[in-house]
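*Asks:* Here you go, one structure.
Taken together, the values in this text are just the output of simple stated rules run on the coordinates, not laboratory data. The shown structure was predicted, so the numbers you read here are calculated from the model rather than taken from an experiment. Glycine also receives a Cβ, built like all others from the backbone with ideal geometry; neighbour counts cover every protein chain displayed.
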Amino acid sequence: MVSWILSRVVELLFGLLYPAYASYKAVKTKNIREYVRWMMYWIVFSLFMATETFTDLLISWLPFYYELKMAFVLWLLSPYTRGAGLLYRRFVHPALARREKELDALLLRARQRGYEAALRLGKRGLNLAATAAVQAATKSQGALAGRLRSFSLQDLRCLPEQDLPCPEEQQSHPLGEQPGWHCGSCTPGWLLHLWSGSSISEVPPAPPRWLLHPRDGSCTPDVAPAPLR
């Protein structure tokens with residue numbers, strides 16, 4: 001456990017932070033020698049990190065495994081040994097130079113396939129979203145139509161009843177006349193009262209309500225019964 005912690009600290013300080021600052025100084029000063037040196041270091045160190053991912057799972061049980069990792073990182077970084085430059089010139093650069101065209105073609109195919117796969121996934125996602133939207137709209141319209149069909153004539157009969165006017169009251173009347181003056185032979189009593197020569201200043205009684213008979217369609221005034229004496 002202690003060896004693992006020490007190895008992680010060494011990799012963080014001497015494998016990442018210090019080389020990052022040294023690379024910044026090389027770029028700032030535009031020193032070509034230092035720039036090339038640290039570029040070779042980052043290439044070798046990235047390969048080391050990729051290899052470490054598998055070796056930590058497979059052979060981390062070996063004695064002095066983490067101690068060897070710490071020594072290897074210091075060997076790559078040391079200006080006296082220049083291990084990163086040595087490994088790059090002898091092994092990494094020749095291997096990459098032999099397979100450079102194959103690697104370029106592989107990366108190009110992977111880029112094209114990735115672009116095509118992204119387009120297919122995007123189109124499929126848009127199609128699924130459009131289908132879901134159409135289905136939701138169809139379901140909502142069907143629910144609304146079913147709700148409207150549920151209102152039957154029985155539901156309309158349950159509405160509160162209102163006083164129906166005399167059918168002749170719905171006809172058009174000449175100027176100066178009031179509704180209810182002409183209903184067949186039904187002449188309001190208050191109109192006869194005016195014709196009998198009574199004083200016009202007297203307030204006529206309110207016009208009676210009309211009752212519609214559904215059987216024959218006739219209308220009669222609704223006369224309240226006389227009070228008992």
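*Asks:* Would you pick out the residues in region 77-105 that are over 18 Å from residue 46 (Cβ atoms) and assigned to a helix (DSSP H, G or I)?
*Replies:* Within region 77-105, 98, 101, 102, 104, 105 qualify.
*Asks:* Follow-up question, since we're still on this one. Could you please let me know if residue 76 is closer than 20 Å to residue 19 by Cβ, in contact with a Lys or Arg (Cβ under 9 Å, 6 or more places away or on another chain), surrounded by 13 or more Cβ atoms within 10 Å (Cβ to Cβ) and of a type in the set (A, V, I, L, M)?
*Replies:* Yes.
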